[in-house]
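For reference, the structure is listed below as structure tokens.
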Amino acid sequence: TQSVANFTWQSTPFLVSCSTFTVFVLTSDKTLTTDIVFPALTLFNLLTFPLSILPMVITSVIESTVAVKRLVEYFTAEELQTNSVIFQDPVEHAGDESVRIRDATFTWDRHSGISVLENIDLSARKGELSCIVGRVGSGKSSLLQSILGELWKNQGEVVVRGRIAYVAQSPWVMNASVRENIVFGHRWDPAFYDLTVEACALIDDFKIMPDGDQTEVGERGISLSGGQKARLTLARAVYARADIYLLDDVLSAVDQHVGRHIINKVLGSNGILSGKTRILATNAITVLKEADFIGLLRDKTIIEKGTYEQLMPMKGEIANLVRTNLA
């Protein structure tokens with residue numbers, strides 16, 4: 001289509017001159033002489049530049065119209081709910097409550113009347129790993145985003161004490177070096193950087209990269225695999241030294257042995273984040289034994305909650321899920 005358009009616009013001046021002279025000869029009794037042809041050709045050549053620019057002008061107008069429409073939709077969109085989450089100072093002692101959700105109901109669109117999560121009760125404490133499990137589409141990611149304040153809260157209370165680091169299910173990587181993606185503007189600390197890279201199992205990846213951690217990452221991480229992007233974004237969150245970590249299925253994109261390494265070195269009781277509040281949305285059964293709290297999401301609410309030792313004798317859905325995957 002682009003080639004046809006280019007051919008049409010490039011050939012238009014020639015076709016216009018030919019058709020003009022043809023019509024003149026057929027309709028006029030006057031002889032077509034040089035004193036008519038040369039001034040006419042000069043005028044047609046003057047029109048060549050505007051005609052060649054016209055398609056680009058049309059394209060630019062269409063692009064600007066789309067851009068303006070998007071900007072208008074964004075700037076006129078409804079603001080986020082300012083009081084959906086109450087942010088307070090971080091807790092100091094292990095075992096203190098960092099995240100508290102009480103009888104909360106959330107929705108993506110408050111005008112639709114359709115709730116995404118209902119009657120949510122959740123408590124996460126400093127130094128503990130809380131795992132939220134459930135089927136695909138059950139609302140695990142929505143629960144994490146409700147803690148961030150991205151959802152509209154219809155009722156209930158959400159209290160967050162401390163700074164949050166969020167690792168999304170779809171990794172986001174900027175067009176920069178691997179090191180810049182991990183440090184992400186924070187103060188450079190080589191000792192903690194090396195510790196973070198080792199914990200997130202990135203050392204072997206650095207060895208195969210052309211320039212190690214100085215390797216430039218393509219736009220949207222196009223030069224990295226899915227597992228590498230997931231571990232890169234996890235390392236970015238770890239390096240941020242936040243108080244609360246919201247991790248959205250960070251183990252799904254990595255191999256089993258790499259997942260075990262991340263559980264031992266990052267998420268587990270002896271990991272680099274052992275003193276932090278960790279809330280992990282996951283379907284990985286292997287991490288549940290390390291969890292201090294497990295909640296099962298179904299039908300828009302948490303139907304089972306407790307520790308691994310409490311839930312297994314209950315022989316509920318979580319126990320069946322564990323036995324099915326380990327069988």
- Note on the structure: Once 272, 114 are ranked on solvent-accessible area with the largest value leading and a 1.4 Å probe, the list reads 114, 272
- Task: Return the tail of the calculated pair distribution for the range 6-142, meaning the percent of Cα-Cα pairs more than 19 Å apart.
- Result: 75
- Task: Could you provide, to the nearest whole Å², the per residue accessible area of the chain with probe 1.4 Å?
- Result: 57
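Direction-averaged shadow area of the convex hull around the Cα atoms of the range 238-291, nm²?
Values: hull surface 13.8 nm².
Result: a mean projected hull area of 3.5 nm².
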- Taking Rh as the Kirkwood radius, which is the inverse of the mean 1/r over Cα pairs, what is the Rg/Rh value for the range 50-124? 1.34
- Task: Tally up the carbon and sulfur contribution to the accessible surface of the chain as a whole percent, 1.4 Å probe, everything protein left in place.
- Result: 57
- P(r) of the range 72-173 over all Cα-Cα pairs, 10 Å bins starting at 0, rounded to whole percent, reads 13, 43, 34, 8, 1
- Task: Just list whichever of 69/229; 126/300; 140/229; 153/229 have alpha carbons separated by over 30 Å in the model shown.
- Result: 69/229; 153/229
- Query: Can you give the three extents of the C-alpha atoms in the range 199-327 along their principal axes, from longest to shortest, in whole Å?
  - Reply: 52, 31, 28
- Please figure out what share of the DSSP beta bridges in the chain is antiparallel and state it in percent, rounded to the nearest 5. 50
- Note on the structure: The whole-number value in µm²/s of the Stokes-Einstein translational diffusion coefficient for the chain, with Rh from the Kirkwood sum over alpha carbon pairs at 20 °C and 1.002 mPa s, is 89
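The values are calculated or read from the model by the stated rules, or taken from the named source; none is laboratory data. Computed from a predicted structure; not experimentally measured. Just the protein is used for accessible areas: all its heavy atoms, side chains included, with ligands, DNA and RNA removed. Shrake-Rupley method; radii C 1.70, N 1.55, O 1.52, S 1.80 Å.
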